[in-house]
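Worksheet: the structure to be examined is printed underneath.
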Amino acid sequence: MSIRDVYIVDAVRTPIGKFGGALASARPDDLAAHVVRALVDRSPALDPARVDDVYFGDANGAGEDNRDVARMAVLLAGLPVTVPGVTVNRLCGSGLEAVIQAARAIALGDASVAIAGGVESMSRAPWVLQKPERAFPAGHQQLHSTTLGWRMTNPKMPAEWTVALGEGAELVADKHGITREQQDAFALASHRKAAEAWAKGLYDDEVVPYPGVELTRDECIRDNTSMEALAKLKPAFRPEGGTVTPGNSSPLNDGAAALLLVDEDGLRETGREPLARIRTSAVTGIEPQLFGLGPVAAVRRALEKAGRSFADLTTFELNEAFAAQSLGCLAEWPELDPEIVNPRGGAVAIGHPLGASGARLAGSVAHQLAAAGSGTGLAALCVGVGQGLALVLER
């Protein structure tokens, strides 16, 4: 059986909204439907009925995303009811996992045309209540937030594995001797690069504003922040001696992203030039508390499978869950030129709507490669509970 080439024809995303911000009124299934519809409308030569499957990442699923948000998005977007949809969950890597699974289906001949993406509304993530072990309990019951992090943790898990995500970032900072000042400088650069990219119109071909909402740019970018302003923020996870603050961490966010993936037959049907071709992917595991370093091995494995090195990369989108985590990864890739990493800003400024971020990164790499005309790009994320995920693209 021959392996087919897989092309990214197009990629779109919403502006990323802040927690409780402009997109807080939008249900996650509606956010997902919006990017699916926008993606289809941008390829008018393609019959929507030709979409073989829709893959969506979603880190929550407990609320209005209604377990299978991919199928909900298909129906709400007005695609033919014959188009199926499947939702995948690899926590922060869910959106990129969706892209990888869709690409794998096309490469193996199980599909010719697929949509892959991700969505998260952290604003609308519900509280959940465990069922009582016996009927009619007399005492109070605890609600658990599904917005972020551990909940209803299995007591069999070692305590060192189940630390808060921010404490995990502190552990990475400890491991690599990363200072508060280095983290704040990284965060400041992220905001400046993102603001500059928007000002230059570099996101114009990628972002599709959500209807009825006055949000035309990522909501968390702070154009006028400074080292002085960042230095005033208190550590969020270690009150004494901590270095991880709200200013050098990614915020809580709402948003969605989607990509159109095709084989050669699908490419002819769209009548479009592809943005990029998918080359290889890799996933790896690491100690849960060191999740921030998850991309280190995944990136090396993906590059090795592609027969490429860091020197071959022209752009690299690394999800900035925390500045400390990103700097820790960069410290373990001494061969990598840090100037090619997140040239249009990263998640510290743009935001990190969990299930959508991986799709946003893949779409951004594809658009950057198309703008350059050629090159090799890479998208990678750390994943809570200790995983790393990476995807290599080429043009």
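Scanning the stretch 213-230 for residues that are open to solvent by less than 70 Å² (accessible area, probe 1.4 Å) and assigned to a helix (DSSP H, G or I) yields Met227, Ala229, Leu230. Within the stretch 174-212, the set of residues being aromatic (Phe, Trp, Tyr) and assigned to a loop (DSSP other than H, G, I, E, B) comprises Tyr203, Tyr210.
The selection criterion, being more than 21 Å from the chain's Cα centre (by Cα) and more than 24 Å from Ser326 (Cα to Cα), does not hold for His176.
Here's the yes/no breakdown for (1) closer than 21 Å to Ser364 by Cβ; (2) part of a loop (DSSP other than H, G, I, E, B):
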{"site": "Val35", "(1), (2)": "yes, no"}
{"site": "Ala49", "(1), (2)": "no, no"}
{"site": "Phe56", "(1), (2)": "yes, no"}
{"site": "Leu75", "(1), (2)": "no, no"}
{"site": "Val81", "(1), (2)": "no, yes"}
{"site": "Gly95", "(1), (2)": "yes, no"}
{"site": "Ala138", "(1), (2)": "no, yes"}
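Scanning the stretch 97-124 for residues that are assigned to a loop (DSSP other than H, G, I, E, B), surrounded by fewer than 24 Cβ atoms within 10 Å (Cβ to Cβ) and aliphatic (A, V, I, L, M) gives Leu108, Ala111. Within the stretch 17-40, identify whether any single residue is acidic (Asp, Glu), surrounded by 23 or more Cβ atoms within 10 Å (Cβ to Cβ) and within 20 Å of Val262 (Cα to Cα), and answer yes or no. No, that holds for no residue. Restricted to the stretch 333-358, and to residues there that are part of a loop (DSSP other than H, G, I, E, B) and under 21 Å from Pro15 (Cα atoms), the residue that is most open to solvent (accessible area, probe 1.4 Å) is Pro343.
Against the criterion of being at pLDDT 95 or above, closer than 19 Å to Ala187 by Cα and crowded, with 22+ Cβ neighbours inside 10 Å, Ala366 does not qualify.
Looking across the stretch 359-395, the residues that are of a type in the set (A, V, I, L, M, F, W, C) and part of a helix (DSSP H, G or I) come down to Ala359, Leu361, Ala362, Val365, Ala366, Leu369, Ala370, Ala371, Ala372.
In summary, Thr147 fulfils each of the numbered conditions (1) farther than 30 Å from Pro80 by Cα; (2) out of contact with any strand residue (DSSP E or B) (no Cβ under 6 Å at 6 or more places or on another chain); (3) open to solvent by 40 Å² or more (accessible area, probe 1.4 Å) with the single exception of condition (3).
I'd like the residue in the stretch 41-54 that is touching a helix residue (DSSP H, G or I) at 6+ places or on another chain (Cβ under 8 Å) and hydrophobic (A, V, I, L, M, F, W, C) and, out of all such residues, is surrounded by the fewest Cβ atoms within 10 Å (Cβ to Cβ). The residue in question is Ala45.
Candidates Leu259, Leu267, Leu290: the one that is closer than 30 Å to Leu23 by Cα and hydrophobic (A, V, I, L, M, F, W, C) is Leu259. Taking each residue of the stretch 351-362 that is closer than 15 Å to Asp218 by Cβ and looking for partners that are hydroxyl-bearing (Ser, Thr, Tyr) and not in a helix (DSSP H, G or I) with beta-carbon atoms closer than 7 Å, six or more apart or interchain, yields Gly351/Ser250; His352/Ser250.
Residues in the stretch 232-281 that are of a type in the set (Lys, Arg), part of a loop (DSSP other than H, G, I, E, B) and buried (at least 17 other Cβ atoms within 10 Å of the Cβ): 1 in all.
Out of the residues in the stretch 125-136 that are assigned to a loop (DSSP other than H, G, I, E, B) and not aliphatic (A, V, I, L, M), which is surrounded by the most Cβ atoms within 10 Å (Cβ to Cβ)? Result: Pro126.
Of all residues in the stretch 290-320, those being surrounded by fewer than 22 Cβ atoms within 10 Å (Cβ to Cβ) and of a type outside the set (A, V, I, L, M) number 10. Quick check: anything in the stretch 59-71 open to solvent by 10 Å² or more (accessible area, probe 1.4 Å), within 17 Å of Arg360 (Cα to Cα) and either in a helix (DSSP H, G or I) or modelled with pLDDT of 95 or more (or both)? The answer is yes, given that some residue of the stretch 59-71 is open to solvent by 10 Å² or more (accessible area, probe 1.4 Å), within 17 Å of Arg360 (Cα to Cα) and either in a helix (DSSP H, G or I) or modelled with pLDDT of 95 or more (or both).
Scan the stretch 304-325 and give yes if some residue there is free of Cβ contacts under 8 Å to residues at least 12 places away in the same chain and under 30 Å from Gly17 (Cβ atoms), otherwise no. Checking the stretch 304-325: not a single residue is free of Cβ contacts under 8 Å to residues at least 12 places away in the same chain and under 30 Å from Gly17 (Cβ atoms).
Tell me which residues, restricted to the stretch 152-173, are more than 21 Å from the chain's Cα centre (by Cα) and assigned to a loop (DSSP other than H, G, I, E, B). Matches in the stretch 152-173: Met152, Thr153, Asn154, Pro155, Lys156, Met157, Pro158, Thr162, Val163.
The values are calculated or read from the model by the stated rules, or taken from the named source; none is laboratory data. What you see is a predicted model, and the numbers here were worked out from it, not measured in a lab. In this analysis, Cβ positions are derived from the backbone assuming ideal geometry, glycine residues included, and neighbour counts consider all displayed protein chains. Areas reflect the complete protein model, heavy atoms only, side chains present, ligands, DNA and RNA absent. Shrake-Rupley method; radii C 1.70, N 1.55, O 1.52, S 1.80 Å.
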